[in-house]
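Structure first, commentary second.
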Amino acid sequence: MPTIELKNCSKRYGKAGVLALDHFNQSFSPGIYGILGPNGAGKSTLFNILSGTLSMTEGSLIFDGQPVEKNWVQYKKHLGFMPQQQNLYPDMTPASFLQYMAVLKAVPGHSIKDELERVLHLTQLESKRYHKIQSLSGGMKQRLLISQALLGDPELLILDEPTAGLDPSQRVVIRNLLSDLSREKIVLISTHVVSDIELISREILLMKKGRCIVRGRLPEILQKYADISWEIITDEAGSQEAEDSYAVSRVQILADAGIRLRIVGSFDSPPQLQGQSFEPVEPTLEDVYLYLFQEDVRHA
Ligand code: ADP
């Protein structure tokens, strides 16, 4: 069973730069890991280090018990990477792009044809294989980028924002695809969209300022933050007042014209609005995210 371990990994961009990754210590075995955090949390830095596109300032990477630094060539055979920014050649077709990527990834010549069929099938792009990339939808382009990461059937898949720029229905397609792929692979997915990963992740990691501040299974995380969510039924004026005083996580217009408001925060006694108390409710992962990253979310 493959494992990847990051030991005390740090990255500083330039001598005076911030620590984009700050003594990061985590290990992963097969399953999907959702890595959440606001912009600047260090997710891309982490992924670029794991994929070997960026060197770390300090620390080591261990794959299957072996230091990666001494054997990048071997390590890269086990790795599939979908970076955040990736240019697709508009005049190429999925078939020619994947052929090109298979050669770059040193897939043996005799198995390239089968490998292309396999990844096109997994990502449901068979019918588009000879269409120009420029004619594909955003969701199909993202699936094509995932399919190049799958070439060679790697045990470690690193996907940086695989659903960036997609609408909700396309996100669902990608989510289901990733969920199917996770058997026997370590799949690390970064996103700042909670719903992309909360249902499919074995574990969730929340990152802030280059550190992992929370890691666990969804129920464990929700248990840990069991007392941060509060709800109240109010009206338009109450809703306005709450927006000014609290971190509002959800606003639901009710059929009778009332408004159900959800806020997050830690309070010594139940928070109040217009003389009425909020009621405690069970948190969602979105609530936890907002609670931990309020400042980042407000200033985004
Ligand atoms: P995320 O992917 O979570 O948005 P990043 O890894 O891109 O976070 O960024 C982490 C921190 O490192 C941020 O403070 C960002 O400004 C900084 N950073 C990222 N890339 C560079 C770079 N090439 N040069 C200098 N600073 C960088």
* **Cα convex hull volume per residue for the range 179-300 (Å³)** => 129
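Between Gln124 and Ser179, 0.36 nm times their residue separation minus their Cα-Cα distance comes to what?
Length gained, Gln124 through Ser179: 18.4 nm.
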* Asked: Which value in nm describes the separation of the simple spin-label points at Ser96 and Gln294, placed 7 Å from the Cα toward the beta carbon?
  -> 5.5
* Mind checking which lysines have their C-alpha under 28 Å from Lys7, skipping anything on the same chain fewer than 8 residues away? -> Lys15, Lys43, Lys70, Lys76, Lys77, Lys105, Lys185, Lys208, Lys209, Lys224
* Using modelled backbone amide H atoms (1.01 Å from N, in-plane), which distant-in-sequence or interchain residues come within less than 5 Å of Glu58's amide H? -> Ser10
* Structure fact -> Full extension between Gln274 and Val172 adds, at 0.36 nm per residue less the Cα distance, a length in nm of 32.7 nm
* Please work out the FRET efficiency for the pair His131 and Arg211, using the Cβ-Cβ distance as r and a Förster radius of 51 Å; give the result to the nearest 0.05. => 0.70
* **Pair Gln84, Glu282: separation of 7 Å Cα→Cβ label points (nm)** => 3.3
* Asked: Measuring from label point to label point, each 7 Å out along Cα→Cβ, what is the Met1 to Lys15 span in nm?
  -> 4.7
* What full-extension length gain, to one decimal in nm, is calculated for Asn8 and Asp114 as 0.36 nm per residue of separation minus the Cα-Cα distance? -> 34.2 nm
* Considering only DSSP beta bridges with both partners in the chain, what is the antiparallel share in %, to the nearest 5? -> 65
* For the range 140-184 and the range 205-275, what is the separation of their C-alpha centers, rounded to whole Å? -> 31
* From the phi of every residue in the range 46-60, what ³J(HN,Hα) in whole Hz does the Karplus formula 6.51 cos²θ - 1.76 cosθ + 1.60 yield, where θ is phi - 60° and glycine or proline is x? -> 4, 5, 5, 6, 4, 8, x, 7, 9, 8, 8, 6, 7, x, 9
* Helix 138-150 versus the longest principal axis of the chain: what is the Cα-based angle in degrees, 0 to 90, to the nearest 10? -> 50
* Across the range 272-282, in residue order, what do the Karplus-derived ³J(HN,Hα) couplings come to in whole Hz, using 6.51 cos²θ - 1.76 cosθ + 1.60 with θ = phi - 60° and x for Gly and Pro? -> 10, 9, 6, x, 10, 8, 6, 9, x, 9, 6
* Taking H as built 1.01 Å from N, whose amide H comes closer than 5 Å to the amide H of Gly80, not counting residues under 5 places away? -> Leu156, Leu157, Ile158
* To do: Give the order of Val264, Val193 when sorted by the count of other beta carbons within 10 angstrom, beginning with the fewest.
  => Val193, Val264
* Give the order of Met56, Met1 when sorted by the count of other beta carbons within 10 angstrom, beginning with the fewest. => Met1, Met56
* Structure fact -> For the chain, longest principal axis from Cα atoms; helix 112-122 axis from its Cα atoms; angle between them, nearest 10 degrees, is 20
* Structure fact -> For the range 85-182 the mean separation of alpha carbon contacts under 8 Å (6+ apart) over residue count, i.e. relative contact order in percent, is 31
* Gyration tensor over alpha-carbon atoms, the range 183-252, equivalent ellipsoid semi-axes in Å -> 31, 13, 13
* To do: Please give the helix 168-181 orientation as an angle from the longest Cα principal axis of the chain, in degrees from 0 to 90, rounded to the nearest 10.
  => 60
* **Whole-Hz ³J(HN,Hα) from phi, Karplus 6.51 cos²θ - 1.76 cosθ + 1.60, for the range 63-71, glycine and proline x** => 10, 6, x, 10, x, 5, 3, 8, 8
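I want to verify the translational diffusion coefficient of the chain in µm²/s; compute it with Stokes-Einstein, Rh as the Kirkwood radius over Cα pairs, at 37 °C and 0.692 mPa s. Kindly include the intermediate steps, with their values, before the conclusion.
Details: Rh = 21.1 Å.
For these conditions, the coefficient is 155 µm²/s.
None of the figures in this text is laboratory data; all of them are computed from the coordinates on show. Here the structure is a predicted model, which is why all the values come from computation and not from measurement. So basically every Cβ, Gly included, is an ideal-geometry build from the backbone, and we count neighbours across all protein chains shown.
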